[in-house]
Structures are given as structure tokens and as C-alpha cells.
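The values are calculated or read from the model by the stated rules, or taken from the named source; none is laboratory data. Since we're looking at a predicted model, the values are computed, not measured. Note that we place each Cβ from the backbone using ideal geometry, even for glycine, and neighbour counts take in every protein chain shown.
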Amino acid sequence: MQDVMEKIAGIQSKLQELLKKYYALLKENEQQQKTIASLQAQHLNDGKKIRSLEEQQHILKSAAGNMTDKDKKEFEHVIGKYIREIDKCIDLLSE
């Protein structure tokens, strides 16, 4: 009977150990999820900054007159996109 009790106690201690590991992994997973969300937000902000800097670069090249044909086409495309957005806004406001 003592053997059975010792085995049950051993199983209980192993279960307790597994539960501790499980909760530790849950906590670590939560931290990892927070880190991922933070990095995704940072990535999004970095993308916005890059686009902004590229637009500023196009404007500076345009002002300096150092634009290649490719740069001019890209700049015209960006300007065209802004004009379309402005037209949409005007249409919405006039309704």
C-alpha cells in the first residue's frame, strides 16, 4: 500500500511540475504576442516614414531639376494619385 501511495505522490509532483511549466509557457507566449504586436506597429510606422521620405526626395529632385525620366514618371504618378484623391474628396463634399 505504501508503494501505491508513493507512486501517486510521484505522479502528483510531476503533474504540479507540468502545470508550472504550462503556466510559464502561457506567460512567455503572451509576452511574445505583445512583442510581435509592437514590432508590427513599428514596421507600419517605418513604412509610412519611408514613403514620406521618398516623396520628399521626389520633391527635392524636382525642385533641383535633377530628375531622370523614370523619376519624372514616378513623380507624375504620385501627383496624379493625389489629384484623384482630392477629386474624390471634392465630389464627396459637393454631395
Requested in this report: Show the residue pairs that are 6+ apart or on different chains and have beta-carbon atoms under 7 Å apart, the first residue being within region 42-59 and over 21 Å from Phe75 (Cα atoms), the second being among the charged types (D, E, K, R) and part of a helix (DSSP H, G or I).
Outcome: none
Query raised in the report: Would you call Leu60 at pLDDT below 95 and either in a helix (DSSP H, G or I) or under 20 Å from the mean Cα position of the chain (by Cα) (or both)?
Result: yes
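Yes/no per residue for (1) in a helix (DSSP H, G or I); (2) of a type in the set (A, V, I, L, M); (3) modelled with pLDDT under 90:
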{"site": "Ile11", "(1), (2), (3)": "yes, yes, no"}
{"site": "Gln16", "(1), (2), (3)": "yes, no, no"}
{"site": "Ala24", "(1), (2), (3)": "yes, yes, no"}
{"site": "Ile36", "(1), (2), (3)": "yes, yes, no"}
{"site": "Leu44", "(1), (2), (3)": "yes, yes, no"}
{"site": "Glu74", "(1), (2), (3)": "yes, no, yes"}
{"site": "Val78", "(1), (2), (3)": "yes, yes, yes"}
{"site": "Arg84", "(1), (2), (3)": "yes, no, no"}
